[in-house]
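Working notes, beginning with the structure itself.
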Amino acid sequence: MPALGPMLLFALAAGSLVLVVFGVRMLDADARLRQRIDGQSGRAGGASTGARFPLPRVFVVRGRDREEVEQKLRKAGYFEPGALEAFAWLRLAATAAVALASMLACLATSGNPLRPLFPTLALSGLTYIGAKYALRMRAASRERILTAEFPFLLDLMLMMLESGVSLDQCFRAIAREERVAVPHHARLVAMLVEDLDRGQDYQLAFDRWAARVAVTGARELATVFRQSLFQGMELVPALREFIREFSQRRVARAREAIGTITVRMVILMLVFFMPALFIVLAGPPVAAILDTLGSVK
């Protein structure tokens, strides 16, 4: 009979999670119905709005944390209007899943899902906090990839412009034919072309493109594109300067990676090779000293 208490608590927790899932689905259906009644579309600009149901106010991202998460989401490549709410829901779901797994482990080992309680709380907290660090790593990885592809993209644009192709045709050719050479930038350029095909102004379309790229230098490059279209600025020399700048960034990142590898190799040598070296060098003298001391006794 005493063992029924933990089992009952665990059953209640599992039932609560099931009710939460059904409640979320009902909120989603209610939000969709409200959008249909109000005449609002579930998609904006061809992209999904993300989560359609409101997040509990306790877990709403606010203040500087909200600005940081939104910035990292854009840098990670998530441009949808509901990306912030989707990230918050995914973080909550991951935290709940880790907590449930920890409770199952406690139930299997001690027979009580809440004993000990500290590992469950610690793992849940680390999962909630680690979600932002995972997003930050994803944003940094995408930024490195886009920065590495920028010289190739600008080289393609430079060759097309020097051959007499206009800037608009250059964008369309990259979006249509250069998905192998610059796969990540070709996708962003294709989104720029879609904005232009929908009748969006060039200035706003370039601003949206720079916000999607979210790499240092993208806004300056968008400004150069606007000046070339509306003020007749010579674009080829400016592109050469941008190619030189992004190439220097690639070299700097390569040097930084080399320095990081060197530090890692030193740490590996200290951890794995130095103890074995000390054993090989100091082993015979220590053994001789111990033999001498043993013979003296």
*Can you pull out the trypsin sites (Lys or Arg not before Pro) in segment 141-207 that DSSP calls coil and that have at most 13 other Cβ atoms within 10 Å?*
R198
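Evaluate the charge dipole of segment 105-192 about its Cα centre and quote only its size in Debye, nearest 20, assuming +1 on the Cβ of each Lys and Arg and -1 on the Cβ of each Asp and Glu.
Values: 10 positive and 7 negative charges, 130 e Å.
Taking the Cα centre of segment 105-192 as origin, the dipole is about 620 debye.
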*Could you tell me which of rounded, prolate or oblate describes segment 153-255, using a ≥ b ≥ c as the square roots of the eigenvalues of the alpha-carbon gyration tensor, with rounded for a/c under 1.5 and, failing that, prolate when a/b is larger than b/c and oblate otherwise?*
rounded
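For the residues M103, M191, what sequence is obtained by ranking on other C-beta atoms within 10 Å, fewest first? Each step should come with its number before you reach the end.
On the way: M103 22, M191 19.
Starting with the residue having the fewest Cβ neighbours, the order is M191, M103.
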*Given a cut-off of under 8 Å on Cα pairs at least six residues apart, what relative contact order in percent is computed for segment 132-194?*
31 percent
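Only the coordinates and a few stated rules stand behind these numbers; no lab work does. Just so it is clear, the structure is predicted and the values come from calculations on it, not from any experiment. Counting neighbours? That spans all protein chains shown, and the Cβs are built from the backbone with ideal geometry, glycine included.
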